[in-house]
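Heads up: the structure comes next, in structure tokens.
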Amino acid sequence: MDERSKKYIIDQKSDFQSDLGIINQEDLANAKIGQTLTTHLGKKFKVIKPSVNDFIELMDRRCSILIQKDIGTIISKCGIGSGSRIVDAGTGAGAIALNFGNIVGECGKVYSYEIREDFAEVAKSNIEKFGLDNIIEIKNKDIKEGIEENEIDLVFLDLMKPYEIFEDVYSCLNTGGYLAVYAPYIDQIETSYKIAKKIGFIDLSIIETLEREIEVRNQGTRPKTRMVGHSGYLMFGRKI
Ligand SMILES: C[S@@+](CC[C@H](N)C(=O)[O-])C[C@H]1O[C@@H](n2cnc3c(N)ncnc32)[C@H](O)[C@@H]1O
């Protein structure tokens, strides 16, 4: 991180260059977390261990990604923790897959389906770079052709017509397991709710999470005038 709080992901195999100067490869290779490195122009950089959020902010991505307010809600609503087994589709660049992997840890597993080969490759590379490739398996497959896993605690779907595979989702879930759906449009989420109910999912709910940032100014403290108006709706259900 530089003096302006701008973050960078460093490749320790080559020199680092920015508008604040150059740090040579040898200094980078020997750098330790917490250390301050100085460029040839005398500008200072702090070495930090990236959190999953730092990494997602800077990683390669070719499509829209889920945002923190929705990811956090999905994880807490479905009680995800160490050892959970999750199926996720579609992967995109891997934003929620990385968060799932970060939480389930070495005792858990995340199987993430992505239909597009180019997106699957980007996600694989992101997951390897963050060091979770032993926990998250990217599958370059159409999830509509079938879910190959079983004894699953959560199936999370971010697809155009998620309800087309709810029967398959029901079969692969553990008793007590969750279905979670993210959809930007209200007709997608309404159809998901009706089909999930017909199939036998219980505890069905649809929510939208709104996040409002509070600003501390000299005049007083109050909500910011701008906020994210809408990202998507979330639907949850359980197999009992
Ligand atoms: C909006 S992106 C997903 C974003 C991602 N969930 C995240 O965490 O940021 C939707 C992805 O679903 C993929 N997709 C669409 N249909 C699919 C299918 N039938 N099986 C697997 N992936 C699919 C698309 O290629 C696209 O990458």
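Quick note: the coordinates plus some simple rules give every number you see, no bench work behind them. Quantities reported herein were computed from a predicted structural model and do not represent experimental measurements. Counting neighbours? That spans all protein chains shown, and the Cβs are built from the backbone with ideal geometry, glycine included.
General observations
- Test: GLY81 is closer than 15 Å to TYR178 by Cα and not basic (Lys, Arg): yes
- Among the residues of the stretch 161-187, those identified as within 18 Å of ILE67 (Cβ to Cβ) and surrounded by 16 or more Cβ atoms within 10 Å (Cβ to Cβ) are ALA180, VAL181, TYR182, ALA183.
- Sole exception among (1) away from the ligand (no atom under 11 Å from the Cβ); (2) touching a Gly at 6+ places or on another chain (Cβ under 6 Å) for CYS63, by number: (1)
- Identity of the residue in the stretch 82-107, within 18 Å of VAL169 (Cα to Cα) and assigned to a loop (DSSP other than H, G, I, E, B), that ends up nearest to the ligand (Cβ to nearest atom): GLY90
- Annotation note: of ILE10, ILE48, the sole residue that is assigned to a loop (DSSP other than H, G, I, E, B) and surrounded by 13 or more Cβ atoms within 10 Å (Cβ to Cβ) is ILE10.
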